[in-house]
């Protein structure tokens, strides 16, 4: 069992080793040796097991180390160049030396190549192996079970998303581990990954794991946590605003972040309302929707827009659903919108004016921002309520406070959905209850396996996605 987790450390390791690290072993001819097989065949350094390990053509091993450092991931690869046939204990010692080097310096890259032909580097690596605590840790790491996470390696296009292996997580006091079934994917994830939102989220810098929420089952609980959670279906946020890790096979969260999924609700559907359901309820509550009002929704075919539309209709309002393209408009009409408008058409403001008898909408939910949001503000009725929560176009709608005051328009921004401690969990619980009762119904338009996160981001960025986008874990 891999026992490394939050709080695991030895007397000679720095804080960098307090989470975990891991190596995998593969030979240069692309054949691989599993960590357990490697240990069985090669033995421990200084042990009595002899024999040889044949490395195949190329005679080198790639040692890839992964370290979790304060919930962030650093990784590096060290190549060990040996003879084709190498004494088992020598090779094992080399692997352990490389692993120890990675453990000791996970936040920066150690030498890319270790070889007896480079005496200084070789001696430095072997000195780490001489540390018994590091050697013990490195050998344990070789036997760890591994999970997958998707990481943003640098700001840029979807291709900067990479799937890497990390050790199984271990819960600390007050924590639980969730075996993830589905992960929430937001357009915001893609915007942050691109680097365009760096000014809004300055603390999120590569490398990092994107995403902000998961659905799954509790697989382990830490000290002080009710063991009755074990095996239960749950949803949970995995970080604050902007996310800090949702694209993964295992998630570690505080027990207080768990929201139980009601019987009869599937985990994909639960994941679909984790963020969008809670946000829709928060927006509806803060904006207020009255029977008979005209409600304009921009970005109405997205996961959040669809749920806002359902809540508005349930409140007795007439919904004007605005989106881009015939497939999305057809879906919105099928879902019960009172009218649909394509805002890629130049005359879309005129269409809204005609649909509202020239008065304009009473309420606008702007999930798009930019010029479209600004145009929607121009057409809102005097005394209306405007929710400027979206920035899908690359920025929030530019609305002048003086103009809003002159017209008596109440404007609320992104702050209305930046929930305090416990508030998101309360709203997510309400969303799950509404889902179980049939009052809301998310539309899951596309699902991608975890390693295809780049495809999910591309679908969102090209506006081809309809409804909710999820990542699934097999």
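Remarks
- Put simply, the convex hull of the Cα atoms in region 277-417 casts, on average, a shadow of 7.3 nm².
- Residues 308, 204, 440, sorted so that the one with the fewest Cβ neighbours within 10 Å comes first: 204, 440, 308
- Cα centroid separation, region 302-316 to region 418-474 (Å): 15
- Overall Cα dimensions of region 164-281, principal axis frame, Å, largest first: 43, 32, 23
- P(r) for region 392-474, from all Cα pairs and a bin width of 5 Å, is 3, 10, 12, 12, 16, 21, 13, 7, 3, 1, 0 %, short bins first.
- Note on region 158-173 and region 204-268: Cα centroid distance 14 Å, given to the nearest whole angstrom.
- Using the average count of surrounding beta-carbon atoms within 10 Å as a protection proxy, the listed peptides 177-186, 341-350 rank, highest first, as 177-186, 341-350.
- Relative packing of peptides 356-365, 266-275, 296-305 - highest average C-beta neighbours within 10 Å first: 296-305, 266-275, 356-365
- Between residue 154 and residue 464, full extension at 0.36 nm per residue minus the direct alpha carbon distance yields a gain of 109.2 nm.
- Paramagnetic label zone (point 7 Å from Cα along Cα-to-C-beta, residue 371; backbone N under 20 Å) in region 337-352: 341-352
- Residue 439 versus residue 333: modelled label distance in nm, points set 7 Å from Cα along the beta carbon direction: 3.0
Read-outs: derived from the displayed coordinates by stated rules, not from any lab. Values in this document were obtained by computation on a predicted structure and should not be read as measured data. For neighbour counting, all protein chains shown are included, and Cβ atoms are generated from backbone atoms with ideal geometry for every residue, glycine included.
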